[in-house]
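Trainee: Please find one structure pasted underneath; my questions will follow.
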Amino acid sequence: MSITGASKEATVWQALYRAGVTMFLTWSMVPLTFLFPLIDSTQPPYVNLAGGISDIAYWISLSGSKFGVPFVGVLMLILLVTRSGVKSSRSWKEAGVIIMVVAVFAGGGAAINEHIVKEELKIPRPNIMWLAGQDGKGPLGMTAEQFYGLGDKEDRRAPLTEVLSHAPKPVKLSPAVEADWIEETGYSFPSGHAFSAMFFASFFLALAITYISTRRILWFYALLPWALAVCYSRPILRVHTPLDITVGGFQGLVLGVVAWLIVRKLFRRIA
């Protein structure tokens, strides 16, 4: 039975097949960062971080952060609940359901990664490893373990700011990239940006394939190259490794599909 008015609702298997194939193919391109020169943050050659490509990567990365993702989510939410054939009263109810589920899965998943998984594994970021050098003999003046032992993120920012402002600078960074390095002083694995981008892409695309049969669905397919670009931006900026984004992206894909299944079931309960 259709619950969308003018559109015919896709079955679980129809939507899962159509969304799942494209989402998995998108995610499968994330591990290729292990092979791409200039993208793998664990070995040279590196992208010049003084401008150009690095600044583009910064803005793409920002779109997948806690500052950018809410705007992407709100846009997709509006496009979904205002689809043809849906009454405004139902649109509000659907919006409430989506916001609730996203808060639990995207917000909860990000919090678990940040405060439990990362803190338990304690894997340093590649830029910190590079600044620390072998046995702490790099520009950072200490080992990565000593740096992360300074305290919380705020405590680590002051010494990192001092190191990056020394003349001559240990590495040439554009103002935007330098600010990103100073902001991102937490642990590395898994990538929160990759998690968020792949979650929103898989979640909203699956919903759109389920309930939208017009050209509006193209906006949701555009989430796939966006999510891939967010994943790639992180090792380009040298704040994550290919493994970080591969695992973070897979987490987002899986939780996005689970969240979609729950929303679909809750939609059927809406009067």
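Trainee: Decide, for the stretch 124-186, between rounded, prolate and oblate: order the square roots of the alpha carbon gyration tensor eigenvalues as a ≥ b ≥ c, take rounded if a/c falls under 1.5, and otherwise choose prolate if a/b is larger than b/c, else oblate. Mind dumping the intermediate values first?
Mentor: On the way: a/c = 1.67, a/b = 1.14, b/c = 1.46.
Oblate shape, in that a/c is at least 1.5 and b/c is the bigger or equal ratio.
Trainee: Among all helices in the chain defined by DSSP H, which have a length of 27 Å or more along the axis from Cα atoms plus a Kyte-Doolittle mean of at least -0.5? Before the final figure, lay out the partial values.
Mentor: On the way: long enough: 192-211 (28 Å, 1.49); 242-267 (37 Å, 1.39).
Those that pass (Cα extent of 27 Å or more, hydropathy at least -0.5) are 192-211, 242-267.
Trainee: Tell me the net charge near LEU237. Cut-off is 9 Å between Cβ atoms, LEU237 excluded, with +1 for each Lys or Arg and -1 for each Asp or Glu. Walk me through the numbers before you get to the answer.
Mentor: Values: positive: ARG234, ARG238; negative: ASP180, GLU184.
Surrounding charge for LEU237 is 0.
Trainee: With an 8 Å cut-off on Cα pairs and a minimum separation of 6 or more residues, tell me the relative contact order of the chain in percent.
Mentor: Details: 396 pairs, mean separation 92.8, N = 271.
Relative CO of the chain lands at 34 percent.
Trainee: Can I ask one more? For the stretch 1-80, rounded, prolate or oblate, judged on the Cα gyration tensor with a ≥ b ≥ c (square roots of eigenvalues), a/c < 1.5 rounded, else prolate if a/b > b/c?
Mentor: On the way: a/c = 4.85, a/b = 1.87, b/c = 2.60.
Here the stretch 1-80 falls in the oblate category.
Trainee: Counting pairs of Cα atoms in the stretch 56-209, how many percent are more than 29 Å apart?
Mentor: Details: 3918 of 11781 pairs.
Result for the distance tail: 33 percent.
Trainee: Just rank MET29, MET198, MET142, fewest to most, by other beta-carbon atoms within 10 angstrom. Working shown, then result.
Mentor: Details: MET29 15, MET198 32, MET142 18.
Ordered by Cβ neighbours within 10 Å, fewest first: MET29, MET142, MET198.
Trainee: Once each part is reduced to its C-alpha centroid, what is the distance from the stretch 170-201 to the stretch 248-262 in angstrom?
Mentor: That distance is 21 Å.
Trainee: Over the stretch 124-186, what is the relative contact order in percent, taking alpha-carbon pairs closer than 8 angstrom and at least six residues apart? Don't jump to the answer; show the numbers that get you there.
Mentor: Details: 54 pairs, mean separation 17.6, N = 63.
In percent, rounded to a whole number, it is 28.
Trainee: At 7 Å along Cα-to-Cβ for each site, give me the label-to-label distance between GLU154 and TYR17 in nm.
Mentor: 5.4 nm
Trainee: Once you sort the root eigenvalues of the Cα gyration tensor of the stretch 151-218 as a ≥ b ≥ c, which label holds: rounded (a/c under 1.5), prolate (a/b larger than b/c) or oblate (the other case)?
Mentor: In terms of gyration-tensor shape, prolate.
Trainee: List the lysines whose Cα sits under 24 Å from the Cα of LYS93, skipping any in the same chain fewer than 8 residues away.
Mentor: Straight-line reach from LYS93, under 24 Å: LYS8, LYS265.
Any read-out appearing in this document is the output of simple, stated calculations on the displayed coordinates, not a laboratory observation. Predicted model only: the values in this text are computed from it and were never measured. Ideal geometry is used to build each Cβ from the backbone, glycine not excepted, and the neighbour counts take in all protein chains shown.
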